[in-house]
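Quick notes on the structure that follows.
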Amino acid sequence: MPSLIIFLIKHIQTVAKNEIMKTNEFIALLNENGNKELVFDYNKGALVGANYHLTEVKNIIVDSVDCGAGTDFWKETIVQLWESPAELDKTRYMSVSKALQILNRVNGIKPMELEAELKIEYSNANFHTAQLFIDGYDIFEDRLLIKLAVEKTDCKAKEECGVPIEINAEKEASCSPGGGCC
């Protein structure tokens, strides 16, 4: 029980978001936590190694046509993380202030779209390359933990393609082998 109390005292703030995090919101979060280590959780407790580098910032424009002939257009900022094999023994994470310095330098060379959604691109030997969205964050006394999640693919033209928009939760809850719902 005492360790739980210590955890709660050190754990200042947890935020989970059901909406996208924009580039300007991410930068504001970093500005508020400059003296902390910047840690990324890429898979429910699996952390990006302390040997990571922020290797690229991509300003992406998506101009798409979906399977129902609908068009869409949006912008994204993709921040790429890479784990250096030369620094496997590293135990201290990049500071938030160093990440901010990198992002500010990038913004001076190629201005970022501050209203664009921010995603983190990452992979390692056990995790496929993915562009992960920010699913929330925890602010601790000494670190800022960014929680990442995989965005599932989806049909944007459900109505045009005849895909049911709502799933009957009651039917799904009573689903059993041989019941015809699976």
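Mind scanning 22/158; 110/147; 58/98; 36/147; 44/110 and naming the pairs with a C-alpha gap bigger than 22 Å?
Details: 22/158 27 Å; 110/147 26 Å; 58/98 18 Å; 36/147 16 Å; 44/110 33 Å.
In this structure, 22/158; 110/147; 44/110 lie more than 22 Å apart at Cα.
Determine Rg/Rh for region 2-173; Rg is computed over alpha-carbon atoms and Rh is the Kirkwood hydrodynamic estimate from the same atoms. It would help to have the intermediate numbers written out before the result.
Values: Rg = 18.6 Å, Rh = 18.1 Å.
Looking at region 2-173, the ratio lands at 1.03.
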### Message
Above 12 Å lies some portion of the pair distances; for region 72-111, what is it as a whole percent of all C-alpha pairs?
### Response
73
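Which order do 61, 139 fall in if you start with the one that has the fewest other Cβ atoms within 10 Å?
Numbers: 61 10, 139 16.
Ranked by crowding around the Cβ, least crowded first: 61, 139.
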### Query
Would you list 133, 127 from fewest to most Cβ contacts within 10 Å?
127, 133
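A short reminder: the numbers here are calculations on the coordinates, not readings from a lab. If you're wondering where the values come from, they're calculated on a predicted model, not measured in any experiment. Cβ: placed from backbone, ideal geometry, glycine included. Neighbour counts: every protein chain shown.
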